[in-house]
Amino acid sequence: QVRLVESGGGSVQAGGALRLSCAATGSVFNINDMGWYRQAPGKQRESVAVIARGGNTNYADSVKGRFTITRDNAKNMVYLQMNSLKPEEKAAYYCNADIQPWKLGISVNYWGQGTQVTVSS
């Protein structure tokens, strides 16, 4: 069974940095796009950053220049380095990936359980 497991959330002051990690575990055959999303209380979930298997990236305008998404295909992991964090970026951050499990000929979209990021002013 395939799972996405996030780690690295926590509390920082405004201007601080955090690094999120996400591991795809289980019967993983191939992973296409991987990404990070966030959802603040009372708001819709939004895309933060996405990275293709080949390394092409796409960022939300609000995080460009401050956040960096990377991945390690050999380890089935994706990371999000977040610098210069702002209080309004307090949210639950979710890992997302399109994964083709072993013995399944199609990709399935998976979500992690979320990790909380708190930024104090």
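The values are calculated or read from the model by the stated rules, or taken from the named source; none is laboratory data. No experiment lies behind these values; they were computed from the predicted model shown. Quick reminder, even Gly has a Cβ in these numbers, built from the backbone with ideal geometry, and neighbours come from all protein chains shown. Only protein heavy atoms, including side chains, enter the accessible area calculation; ligands, DNA and RNA are left aside. Shrake-Rupley method; radii C 1.70, N 1.55, O 1.52, S 1.80 Å.
A few remarks follow.
- Condition met for I106 (within 17 Å of V5 (Cβ to Cβ) and touching a strand residue (DSSP E or B) at 6+ places or on another chain (Cβ under 8 Å)): no
- Within the option set K103, K90, K86, being modelled with pLDDT under 95 and either charged (D, E, K, R) or within 15 Å of the chain's Cα centre (by Cα) (or both) holds for one residue only, K103.
- Scanning the range 1-11 for residues that are open to solvent by 50 Å² or more (accessible area, probe 1.4 Å) and small (G, A, S) turns up S7, S11.
- Count of the range 75-121 residues which are surrounded by fewer than 14 Cβ atoms within 10 Å (Cβ to Cβ), more than 19 Å from S11 (Cβ to Cβ) and of a type in the set (G, A, S): 1
- Pair list, Cβ under 9 Å, 6 or more apart: the range 39-57 residue over 17 Å from C95 (Cα atoms), other residue open to solvent by less than 100 Å² (accessible area, probe 1.4 Å) and in a loop (DSSP other than H, G, I, E, B): P41/K90
- Flag for A14 being among the aliphatic types (A, V, I, L, M) and open to solvent by 50 Å² or more (accessible area, probe 1.4 Å): yes
- Breaking point among (1) of a type in the set (D, E); (2) open to solvent by 20 Å² or more (accessible area, probe 1.4 Å); (3) touching a residue at least 24 places away in the same chain (Cβ under 8 Å), for D72: (3)
- Residues that are surrounded by 17 or more Cβ atoms within 10 Å (Cβ to Cβ), in contact with a Ser or Thr (Cβ under 8 Å, 6 or more places away or on another chain) and not aromatic (F, W, Y), drawn from the range 24-67: G35, A49, V50, I51
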